[in-house]
Every structure is written in structure tokens, then in C-alpha cells.
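Accompanying notes for the structure given below.
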Amino acid sequence: MMSVQSDIQSLARRLRLPAIADYREYLAEDPEPLFLEGLLQLLQAELAGREERGFARRLKESRLSMLKTLDVFERHRLPHLPSTQIDELATCSFIRNHYNVLAVGNSGTGKTHLGMALGIEALRQGFSVRFAGVMPLLDQLIEARDNKELSQQMRPLENCDLLILDEFGYLHLSPPQASMLFQLFAIRHERKSTYVTTNLEFSKWVDSIGDLTLTAALVDRFAHKSILLNMNGPSYRLEEGRGATRNKKAREQ
């Protein structure tokens, strides 16, 4: 009985329902066990509903293009990425401690998949997430700056708990794009977490950014508190393409 009563009080406070948390003050007699069990079930249902609605809202706001999850992530394909490191990231402690993540590897090794899967885990734990391709996002922000709408566009990027930036380094940044990326990193520095997928290690970021001074400043802010993931390995997409070709040839024979 005491366990049920304490569970009711705990859930009611969590749901911000003070009158229900203090339900005994409103009853002339001690409630029957059946009443308490029913009340507890109602509170549990309300909590589950709120969590489901909250997850759906955060998922829509995240702009994740696909629902990739960790349970289908093929860890065994990445010889340089310990499974324990993935498990630690899935706890989202890096978000709580405002650490960044740099996923470095050749094309098709699951960098984006892992980023999206960690985004889903973060959403499930109540964090806000935003996903964007680096180049489209920078172009969007430059256009917003030209239209004097930059602060409005920058606000959700500044405040989200986890920002996932996909495919940095595949194309050269223009000076305005590089400056905008620096500004984005600067406003999130030591406040929020950013996950970046790239084919470039920190020492090669200048190849994409171009300016040595700006690159040094940008890397300094991102690398200060960061976790490096070595995701070099065989390309999933290349293997799938070869498999599809083999299957096609087999059907034609």
C-alpha cells in the first residue's frame, strides 16, 4: 500500500498535479486499495501519453530525414570503432556534459546513420535535436543574413541540445560559408553538443575551409571538448551495390 501511495505522489509531482499528489488531504476516509491502484494506472497512462506526444513533437522539430536506430547499426563493419564507445554515446552523457562528436571516415561507413540513431536516443531521453546537411544549412543562413532574418534562423540552432551537421568537408566552403560555420560553432561552444560527420580529420579541415586563421579558431572551439570516432572501414553502399550487381547477373543467367 505504501509503495502505491508513494508512486502516486511521485508521478503526480512529475506531472505537476499537486492536488493529486496531496490527494489524502481531500478525502474524508482512507481510500480503498482498488481506488489507489486505479489512480496509479491513470497517472501512468497520462505520463506515457505525454512522453509519446513530446517525442513526436521533438521528432518533427528535429528534421531528421530518416528514422535510423542503433539496433540495426552494423557495428562489426567498423574495426576502429569500439562497441563500448557507441554504448557510451547512447547514454547521451556527452550531451549532458556539452561534448561534441566528430565522426571521421570514408564515404558509406555509417557516419550519418550513427548520428541519426544517436539523435533518436537523445529525443527519447527528452533532448531537443536538429539535423541538417552542412552546405544547405550554411546557404540557408547566408540567405537569412542577407534578408536580415539571421537571428530568427539561428535561434533554434543555438538552443537545441544536439545539432547534427552532416557531410562537412566534401566540398570547399566559400568565405561567407566558412564565416557562418564559425559563428555557429562559437555560439554553441561549451553550451550545447554538436555531432559532425566528415571525411576530414581536424588537421585537414583547412582543405575545406581555406583560411588558416579561421580554421584554427574554428577547430579550437569544436575540438576543445570533443569525442573522436574513427569510422573508416568498408563502404556499406559500395558493398550493397556490388551485391545488387551480382544478384542481377545471377537472375539473368
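The values are calculated or read from the model by the stated rules, or taken from the named source; none is laboratory data. No experiment lies behind these values; they were computed from the predicted model shown. FYI the Cβ positions are ideal-geometry reconstructions off the backbone, even for glycines, and counts take in every protein chain you see. In case anyone asks, the SASA skips ligands and DNA or RNA and just uses the protein heavy atoms, side chains included. Shrake-Rupley method; radii C 1.70, N 1.55, O 1.52, S 1.80 Å.
Okay, residues lined up against (1) surrounded by fewer than 14 Cβ atoms within 10 Å (Cβ to Cβ); (2) without any contact (Cβ under 8 Å) to a residue 12 or more places away in the chain; (3) within 27 Å of the chain's Cα centre (by Cα):
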position	(1), (2), (3)
27	yes, yes, no
36	no, no, no
73	no, no, yes
82	yes, yes, yes
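Of all the criteria given as (1) modelled with pLDDT under 90; (2) open to solvent by 30 Å² or more (accessible area, probe 1.4 Å); (3) over 30 Å from residue 227 (Cβ atoms), the one not satisfied by residue 5 is (2). What number of residues within the stretch 44-58 are open to solvent by 50 Å² or more (accessible area, probe 1.4 Å), without any contact (Cβ under 8 Å) to a residue 40 or more places away in the chain and of a type outside the set (A, V, I, L, M)? Within the stretch 44-58, residues that are open to solvent by 50 Å² or more (accessible area, probe 1.4 Å), without any contact (Cβ under 8 Å) to a residue 40 or more places away in the chain and of a type outside the set (A, V, I, L, M) number 7.
The condition of being in contact with an Asp or Glu (Cβ under 6 Å, 6 or more places away or on another chain) and either of a type in the set (Phe, Trp, Tyr) or farther than 23 Å from residue 228 by Cβ (or both) holds for only one of 168, 182, 127, that being 127.
Give 158, 167, 143 a once-over and let me know the one that is in contact (Cβ under 8 Å) with a residue 40 or more places away in the chain and within 25 Å of residue 62 (Cα to Cα).
Selected residue: 167, the only one of 158, 167, 143 that is in contact (Cβ under 8 Å) with a residue 40 or more places away in the chain and within 25 Å of residue 62 (Cα to Cα).
Residue count for the stretch 104-162 under the criterion of being in contact with a Leu (Cβ under 9 Å, 6 or more places away or on another chain) and polar (S, T, N, Q): the result is 4.
Per the conditions (1) at pLDDT below 95; (2) more than 20 Å from residue 221 (Cα to Cα); (3) in contact with an Asp or Glu (Cβ under 9 Å, 6 or more places away or on another chain), the sole criterion not satisfied by residue 91 is (1). Counted as qualifying within the stretch 1-120 are the helices (runs of 4 or more DSSP H) with 1 or more residues that are over 26 Å from residue 162 (Cβ atoms) and either touching a His at 6+ places or on another chain (Cβ under 9 Å) or acidic (Asp, Glu) (or both), namely 2-14, 33-62.
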